[in-house]
Every structure is written in C-alpha cells, then in structure tokens.
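The values are calculated or read from the model by the stated rules, or taken from the named source; none is laboratory data. All figures in this text were calculated on a predicted structure; none of them were measured in a lab. Virtual Cβ from ideal backbone geometry, glycine too; neighbours counted across all protein chains shown. Ligands, DNA and RNA are excluded from the accessible area calculation, which covers all protein heavy atoms including side chains. Shrake-Rupley method; radii C 1.70, N 1.55, O 1.52, S 1.80 Å.
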Amino acid sequence: MLNRRRFLTGTAVAGVAGIAGLRLSPAFAQSAPQLQIFVPAAPGGGWDQTGRTMDQVMHTEKLISGSQITNVGGAGGTVGLPQFISQWNGKGNSLMVAGMVMVGAIIANKAANNLTQVTPIARLTGEFEALVVPAESPFKTAADFVAALKADATKVPVAGGSAGGSDHILFGLIAKTVGVAATNLSYVPFAGGGEALSALLGNQVAAGISGYGEFSEQVKAGALRLLAISADKRQDGIDAPTLKEAGIDVELFNWRGVFAPPGISDADKAAMIALVETMAKSEAWASECKNRNWTQILLTGDDYAKFVAEDSARIEAILKDLGLA
C-alpha cells in the first residue's frame, strides 16, 4: 500500500518542479511512490502498451521508485473491471488503464459494473483506427475489402478487440455506411492485440481493425498491408488514405486513459492526478507518443469524468443503431 505521506509529498513537489519546469528535484526522487498498474487486458494490446509505456516513462523521469503491472484479460475489460472495483478499493497508489473499448464492451455485454464505479484520473492518448490485411491478401485497397463485404460479409472475417469495443464499432460503421447489414458481419474478437495480430499473420482472418500503433511494426515490415485509417485527414508518416478518401464516410477516434479505484481519498486523487500530469508533460512521454503514433489529448479530474459520461452515452447510441446493444 502507498505510504500516503510520501506520495503526497512527492506529488506536491512534482506539481512545482515537474509540472512547472518539467525537471525533477532530488527531494521528489527520494520520496517517489510505489505504483500499481492494473491492465484489464491480455499482454500485447493497446492498454498493455499504454500501461507499460507509462511505467517506463515514470521510471525514466524518477517519478516512481517501484511498480507492478497486473494483467487480467477478457471481454473488453469487463472481466478485470469488477476485480479492480472490489479488490483494489481504496488503494490510492493504483491506476487502471482503460478507454473507449471498455465503454463499448460494458454496454454490449450488459456488464454489471461500469466506469461510474471507479475514479477518473486522466485521459491520455487518442489513436485513429487502422484497417489492415495480411500481405498475401487479394484486397489491395479498401474498395476491394468493401466489395467483398457486399458480395458475402460472412466470408470476410475481421479480427479486432473484444465485442463492442472501438474495433467492432468501426467495423459496424463501415458496414452500415456501405449498405451491409451488421447482423451479417463476421467479427472475430480477441482479448489482446497480440492474439489478433497472430491471427492476421497466420492468415486465419481476412482483415484486422485496431489502433495503428498495434499494427505499425508489421506494416513497416511488409507483413501486413494498411488499407485505410479512420482519421479525418491523412497522417504524417502513415502511407495510407483515410476511409473517407476511400469512399467510406466514416471517422473514429479511439481514446485511452487511466482510473483510480473507488474509495480513495480526495487527497490521494489529487496526488495521482498531479503524478500523471507530470508524466504526461515530460519529454520522455512526448517522445514515446510520437514513436507510437499516439496523439496526446490530456484531460484530467472532473473534466475527464464529464467526457467519459458523454462518450458513454454517444457509444451506447451507436451500438444500439448497429444492433450491438
């Protein structure tokens, strides 16, 4: 458990030395806390990458003196969420990584728990989705992919994250836009990005949808072909059209952030926000985000809580429209 005095002392110094000057004092380094990071997904996916990158940056910046990462995968985070709520209750040194995928999974799975039961700390990154196929695929363009969907969507299995998540939502939106019934889609959900990637590389599915960062290395290596991204415009360093350019009038922006458990004190909440803000404003974090094609969209505390509530309502409406809720 976090030594609260040390944690509050450390993050108070971070608020002055880290946030204002982006430099850490020896006093802060000596009082840096232990941090527990809970990832409600299997290793290899976007949440796991986010948690491990945070851990790496916080160590580099000497914001923490030690850490532990716990993975509990399954059902878009709805397997891990109840554990975080019940078993991590009141642990002020703990953060859970989550995002749009969990919002959708909660709704699609009619989960008993939701994000109103945890403590919003910060929205960190946003990422456009990517539509990819194996290098050997006959689909050379997004138009080829759409043509196959229209011919027989049941014969075009698409790998992605858990049911109801951002990957599933994007697939449904693409289908709806091109006139294919969502009920005819063959969506293959995986608990982690690593499993979805293996299915793609093994030619077990026709295509895959996920954040570009999860596919970028294999795209650059030539093992996967990038057909389109769900951005509003072409992105620097990414050689692919947007879905809109490809004639599919769809945009989607996936976000990731962190939450503390329920039952923590206001002081611990404020200290954790200060810690994450310091990390998010560091040069090390900026460098990692650039390397991973993550867009920084920092939003903390009550503003973040409001955003989560509004996004939950928006996603519920989309899933109902697609017949997924």
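Brief remarks follow.
- Among the residues listed as Val178, Val156, the single one being over 18 Å from Ile315 (Cα atoms) and open to solvent by less than 10 Å² (accessible area, probe 1.4 Å): Val156
- First in the range 278-293 and in the same structural domain as Lys220 (by TED's automatic domain parsing), second anywhere and among the aliphatic types (A, V, I, L, M) and open to solvent by 70 Å² or more (accessible area, probe 1.4 Å), Cβ under 8 Å, 6 or more apart: none
- Residue in the range 281-289 that is under 22 Å from Gly104 (Cα atoms), touching a helix residue (DSSP H, G or I) at 6+ places or on another chain (Cβ under 6 Å) and not aliphatic (A, V, I, L, M) present: no
- Qualifying position, being open to solvent by 40 Å² or more (accessible area, probe 1.4 Å) and within 25 Å of Asp232 (Cβ to Cβ), among Thr125, Thr141, Thr116, Thr60: Thr141
- Residue match in the range 300-307 (condition: on the phi < 0 side of the Ramachandran plot, touching a residue at least 60 places away in the same chain (Cβ under 8 Å) and not in a helix (DSSP H, G or I)): yes
- Complete set of residues in the range 187-221 that are polar (S, T, N, Q) and either open to solvent by 40 Å² or more (accessible area, probe 1.4 Å) or at pLDDT 95 or above (or both): Ser198, Asn203, Gln204, Gln218
- Exclusive hit being modelled with pLDDT under 90 and over 20 Å from Ala98 (Cβ atoms), set Asn291, Asn254: Asn291
- Considering residues of the range 240-274 that are among the aliphatic types (A, V, I, L, M) and closer than 30 Å to Ala142 by Cβ only, the residue surrounded by the most Cβ atoms within 10 Å (Cβ to Cβ): Leu243
Conditions (1) surrounded by fewer than 20 Cβ atoms within 10 Å (Cβ to Cβ); (2) small (Gly, Ala, Ser), marked per residue:
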site	(1), (2)
Val276	no, no
Ala280	no, yes
Leu298	yes, no
Ile315	no, no
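- Residues of the range 271-288 satisfying the condition of being touching a Phe, Trp or Tyr at 6+ places or on another chain (Cβ under 6 Å) and modelled with pLDDT of 95 or more: Met279
- For the range 168-187, the set of residues classified as under 18 Å from Ala228 (Cβ atoms), in contact with a Ser or Thr (Cβ under 9 Å, 6 or more places away or on another chain) and not in a helix (DSSP H, G or I) consists of Leu185 only.
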